[in-house]
Amino acid sequence: MCTLATEGIQYGCGHYVSQRSTHKDDCGSKYCIWSNRHAPNCPHCPQCSRFLGPDSKEVIKAKVPEYCDTCDYWWKKNNTYRRQQPQQ
Ligand SMILES: [Zn+2]
Ligand SMILES: [Zn+2]
Ligand SMILES: [Zn+2]
């Protein structure tokens, strides 16, 4: 399973979100779709690994106080939900 070194942003919620990959650690397996040794017309492909491993390296290029998209979404959704509750 190949892994990537990435650069990304650390959000206020604590999540790291990768922006781009700077390096790939190739596992060298022909049964991994990310590997350089994987054939374009690979006959094994339904069985091939199509997942990348956890990032081998995460370089934080910037820190921002905002929440990441996922957390922001949930925060807004929950807040709207609370506002819609009938007042006692
Ligand atoms: Zn691989
Ligand atoms: Zn394959
Ligand atoms: Zn988050």
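Since every read-out is calculated from the coordinates, none of them should be taken as a lab result. Since the model is a prediction, treat every value here as computed from it, not as a measurement. All Cβ positions, glycine included, derive from the backbone under ideal geometry; neighbour counts span all protein chains shown.
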Protection-proxy order for peptides 6-19, 34-47, each taking the mean of Cβ atoms within 10 Å per residue, highest first: 6-19, 34-47
222 nm mean residue ellipticity, helices alone, for the chain (DSSP H n ≥ 4; -39,500 (n - 2.57); rounded to 500): -5500 deg cm²/dmol
Estimated dipole of the chain in Debye, rounded to 20 [Cβ of Lys and Arg +1, of Asp and Glu -1, Cα centre]: 200 debye
For the chain, with +1 on Lys and Arg beta carbons and -1 on Asp and Glu, the positive-most of Cys42, Trp75, Tyr31 along the dipole: Trp75
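Using the eigenvalues of the Cα gyration tensor, what equivalent ellipsoid semi-axes result for the chain when each is taken as the square root of five times the eigenvalue, whole Å, largest first?
That gives 39, 19, 7 Å for the three semi-axes.
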Per-residue HN-Hα couplings for segment 39-46 [Karplus 6.51, -1.76, 1.60; θ = phi - 60°; Hz; x = Gly/Pro]: 6, x, 10, 4, x, 8, 3, x
Placed amide H near Thr3: partners under 5 Å, 5+ positions off or other chain: Asp25, Cys27, Gly53
Cross-link reach list, lysines versus Lys77, counting only Cα pairs under 30 Å and skipping chain neighbours closer than eight places: Lys61, Lys63
Relative contact order for the chain, counting Cα pairs under 8 Å that sit 6 or more residues apart, in percent: 36 percent
